[in-house]
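Working notes, beginning with the structure itself.
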Amino acid sequence: MFLVAICACDLSATAGLPSLPQPDKPVTQAQRDADVKAMREWWFGCKKVPDAQVIARLKAWTDAKDGDGEALFYLWAGYRFRLVLSLVDPASVSAIDLAALINRAAACKFTPAESRRAIILLGPPSLESSGPLRDPALGMKLLEECLDRGDADAQVYMGTLLSNGEGGLNRDYDAAEAHFRKAIELGAVRGWGGLATLQARLDEEQAEETLKAGAEAGDPDAQLLLAKRCKRFAVTWEEYDEAVEWLKRAADGQTVLPEAALLLADTYYSGTGTQEQDHAWAFYWYKRAGALGHLRGDLQVATQMLKGDGCELDIENGLKKLKELAEGEYGPAKTLLGVLYLEGLLVPRDVDRAMSLFTDAAKDGDREAYKYLWWKRRKESGRE
């Protein structure tokens with residue numbers, strides 16, 4: 001079985017994960033304790049997001065000292081939740097290598113790591129993909145053991161499984177709510193977002209109260225949901241401003257999902273409420289959204305680079321990014337590149353290449369491309 005192969009591997013190595021810069025000086029026990037504390041406060045309490053240097057020090061510590069399950073777990077969290085985004089391309093971090101790292105931490109009997117290992121074995125789409133590691137029976141057994149030990153993460157995970165009907169379980173909203181509330185009681189602030197999402201299916205008024213409590217507690221998911229709700233129902237400028245403030249806090253706390261960063265970038269770019277347009281901040285947050293995997297964020301970064309809009313004019317790198325997006329089967333990027341070729345803007349005019357790009361973009365579902373194909377048909381028929 002593939003999982004056995006991981007268990008049997010050299011537990012002192014993290015060779016499969018991308019390397020990180022070596023700290024300037026050896027990591028002491030005191031520094032390790034401070035870094036683990038910062039990670040713990042972020043992981044459970046949704047406090048300040050630790051920077052990449054914290055993760056680099058934890059990697060140096062765990063490379064030198066085997067058997068520290070807590071440090072290994074937070075090293076895993078740093079890679080998995082992209083705290084090393086400034087140093088590492090997320091595409092270079094494989095699920096198999098992450099699973100091996102969690103397995104090392106779990107082998108040290110650190111309960112949150114065992115809970116996450118259970119989720120990897122279960123493979124619920126809302127939490128984690130299993131790939132070849134899937135073993136639902138073992139996963140559920142481990143998760144139940146972690147619940148018995150009073151693990152806050154296990155409560156969040158079980159609440160999510162019951163809420164969504166995943167992991168071989170039927171939906172049970174009452175049981176799910178009980179698990180989320182227990183997670184919050186045990187100090188897992190992230191339980192608020194799960195509880196609010198669950199309640200929104202049943203009682204919107206109660207869900208709003210939960211969202212506010214979770215947002216105030218610092219849960220980025222709750223902050224994002226509250227920001228979207230505030231914006232949807234905003235009537236006054238003050239209400240719009242409240243939505244923007246929650247959105248800023250959510251974007252600061254989100255390390256994996258790009259939605260908060262993208263929405264905040266849109267807010268800066270267009271201006272909302274009393275928030276004036278600020279294309280420089282928009283560029284920053286579009287870049288962040290792109291780094292987290294949102295193609296529209298990357299496309300907007302390329303567009304602003306080509307215009308010098310909120311950033312330095314950089315035609316070479318703007319075109320490079322645009323062409324990479326177009327080659328990656330992103331329809332809107334193909335359409336924009338096609339327009340440049342059609343008009344001879346920043347590239348030599350090439351109508352045939354432009355039309356080929358428009359055709360491909362239309363196949364990829366970009367509606368804007370149809371406008372240019374329609375123009376070509378009208379021109380060929382002599383009606384224009």
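The values are calculated or read from the model by the stated rules, or taken from the named source; none is laboratory data. Just so it is clear, the model here is predicted, and its values are computed rather than measured. With ideal geometry, Cβ positions are generated from the backbone for all residues, glycine too; neighbour counts draw on all protein chains shown.
Do you know which residues across region 157-187 are more than 19 Å from A213 (Cβ to Cβ), assigned to a helix (DSSP H, G or I) and without any contact (Cβ under 8 Å) to a residue 40 or more places away in the chain? Within region 157-187, M158, L161, L162, D174, A175 meet the criteria. Of all residues in region 201-240, those satisfying the criterion of being within 25 Å of K47 (Cα to Cα) and among the hydrophobic types (A, V, I, L, M, F, W, C) are A207, L211, A213, A215, A217, A222, L224, L225, L226, A227, C230. The residues of region 321-373 that are outside any helix (DSSP H, G or I) and either within 27 Å of the chain's Cα centre (by Cα) or surrounded by 13 or more Cβ atoms within 10 Å (Cβ to Cβ) (or both), listed by number, are G328, E329, Y330, L346, V347, D350, D364, G365, D366.
The single residue among L143, L101 that is under 27 Å from W192 (Cβ atoms), over 16 Å from the mean Cα position of the chain (by Cα) and of a type outside the set (S, T, N, Q) turns out to be L143. The condition of being more than 15 Å from the chain's Cα centre (by Cα) and at pLDDT below 95 holds for only one of G214, G218, G273, G293, that being G273. Conditions: (1) hydrophobic (A, V, I, L, M, F, W, C); (2) modelled with pLDDT of 95 or more; (3) farther than 20 Å from A30 by Cα; (4) in a helix (DSSP H, G or I). A56 meets all but one. Number of the miss? For A56, the failing item is (3).
Listed here are the residues, each with its yes/no results for (1) aliphatic (A, V, I, L, M); (2) part of a loop (DSSP other than H, G, I, E, B); (3) within 24 Å of A154 (Cα to Cα); (4) within 18 Å of the chain's Cα centre (by Cα).
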{"site": "L195", "(1), (2), (3), (4)": "yes, no, yes, no"}
{"site": "L198", "(1), (2), (3), (4)": "yes, no, yes, no"}
{"site": "L202", "(1), (2), (3), (4)": "yes, yes, yes, no"}
{"site": "Q223", "(1), (2), (3), (4)": "no, no, yes, yes"}
{"site": "K231", "(1), (2), (3), (4)": "no, no, no, no"}
{"site": "D241", "(1), (2), (3), (4)": "no, no, no, no"}
{"site": "W246", "(1), (2), (3), (4)": "no, no, no, yes"}
